[in-house]
Amino acid sequence: MKKIFAITFLLSVSVCGYAQKVDKLIKEKDVKRIIETLSADDMQGRGTFTPGIEKAALFIEDEFKHIGLQPLEGLSGFRQVVDPKALGPLPTRGNMAEKLTNIPLFNVVGVLPGKSKPDEYVIFSAHYDHLGIVKAMDGDSIANGADDDASGTTAVIALAKYFKETDNNARTLIFVAFTAEEIGGYGARYFSKMVNPDKTVAMFNIEMIGKASKFGENSAFITGFERSDFGPILQKNLEGTDFKFYPDPYPTQNLFYRSDNATLARLGVPAHTISTDQIDIDKLYHTVKDEFGSLDVKNITATIKAIALSSRGIVAGTETPARVAKLER
């Protein structure tokens, strides 16, 4: 009994120590600055193929540069240009194929090389595009996409800064802001062809964490929870804290295959999306009302801290989630 108590005490002390470091390095004011910038009106809703998304990309690149990330191998900078030839058959309706062929699309990617396991990759991702200018509602036509997905992109930037400052990642960490999620997931589809899925240990895709989940504050859900032990690993590392991860409560929405984790998940990677959105009752989703003022920055910060804390074993190379079942393309 004494031995069990001692082990429990040591674990709680360890979690407490990590949590203190997370609290010190991930600040609410920084989170607010980033998400407020990405969701501002001058980003024009970050629509694909627009000047607004170019402005957002420049901001993310500047953040990655300031943090001290490195470009992905083979790239001279943080932009990963999407080659439409690698995407397979392009849409035949409208002028989408023409746009994809003639207007550059690019992901923004930064890397922290691993200390002892550089050939094993952990990905932190979100999409930085949104809908752009849409039909006006109450005189407003800018779909700012504050929750969808400036909140997730903010998390990626904040986590990059955190892991750079802790400087103890055994595995290589890849931070990627995907383009064109809203029009077909083209950024993630291309990225999945450029990274080796067999070397990719896990993917933390972060989508819409701007408000409290249906489970209340200090909670989030993980899509595809039952498909690997990714979720249980994260939850185990949060024992002793107030935060908890839950399985996806919206199975009929098929969320596991509706975000940028899907392409790598189909290749067997334990690639899951972390979210807090109450998708069944969210009246702001894909409207001009998805603005910074509708967000709970405290909740966003708490979720980012939980991801930092819960991922520590995967980042350190001591924990490896089970692979998910591959799907035939």
Here are T172, T200: which of them is under 22 Å from E120 (Cα atoms), surrounded by 19 or more Cβ atoms within 10 Å (Cβ to Cβ) and touching a Pro at 6+ places or on another chain (Cβ under 6 Å)?
T172
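For region 28-47, give me the residue count where each residue is touching a residue at least 60 places away in the same chain (Cβ under 8 Å) and among the basic types (K, R). It would help to see each step written out before you state the result.
The first filter runs over region 28-47 and keeps only residues touching a residue at least 60 places away in the same chain (Cβ under 8 Å), leaving 28, 30-32, 34-36, 38-41, 43-47.
Filter once more, keeping what is among the basic types (K, R): 32, 46.
Residues that pass the stated criteria total 2.
May I ask you to verify whether L267 is assigned to a loop (DSSP other than H, G, I, E, B) and more than 29 Å from M96 (Cβ to Cβ)? Walk me through it before giving the result.
On the way: assigned to a loop (DSSP other than H, G, I, E, B): yes; more than 29 Å from M96 (Cβ to Cβ): no.
So L267 does not fit the description; no.
Can you name every residue in region 104-138 that is more than 23 Å from the chain's Cα centre (by Cα), in a loop (DSSP other than H, G, I, E, B) and at pLDDT 95 or above?
Correct list: S116 only.
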Filter region 1-58 down to the residues that are out of contact with any helix residue (DSSP H, G or I) (no Cβ under 7 Å at 6 or more places or on another chain), over 15 Å from A143 (Cβ atoms) and outside any helix (DSSP H, G or I), then identify the one that is modelled with the highest pLDDT.
K27
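Looking for something within 25 Å of V195 (Cβ to Cβ) and in contact with a Gly (Cβ under 8 Å, 6 or more places away or on another chain) - is there at least one such residue anywhere in region 47-60?
First, pick out the residues of region 47-60 that are within 25 Å of V195 (Cβ to Cβ): 48-49, 53-54, 56-60.
Imposing the further condition that a residue be in contact with a Gly (Cβ under 8 Å, 6 or more places away or on another chain) reduces the set to 48, 53.
Yes, region 47-60 contains a residue that is within 25 Å of V195 (Cβ to Cβ) and in contact with a Gly (Cβ under 8 Å, 6 or more places away or on another chain).
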What number of residues within region 113-158 satisfy the criterion of being closer than 24 Å to H66 by Cα and either in contact with a Cys (Cβ under 6 Å, 6 or more places away or on another chain) or surrounded by fewer than 24 Cβ atoms within 10 Å (Cβ to Cβ) (or both)?
5
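Within region 172-181, is there a residue that is part of a strand (DSSP E or B), more than 28 Å from E28 (Cβ to Cβ) and touching a residue at least 40 places away in the same chain (Cβ under 8 Å)?
Of the residues in region 172-181, the ones part of a strand (DSSP E or B) are 172-178.
With the extra rule that they be more than 28 Å from E28 (Cβ to Cβ), the set shrinks to 172.
Adding the requirement that they be touching a residue at least 40 places away in the same chain (Cβ under 8 Å) leaves 172.
Within region 172-181, one or more residues are part of a strand (DSSP E or B), more than 28 Å from E28 (Cβ to Cβ) and touching a residue at least 40 places away in the same chain (Cβ under 8 Å).
The values are calculated or read from the model by the stated rules, or taken from the named source; none is laboratory data. The structure displayed is predicted, hence computed values, not measured ones. Backbone-built Cβ (ideal geometry, glycine too); neighbour counts: all protein chains shown.
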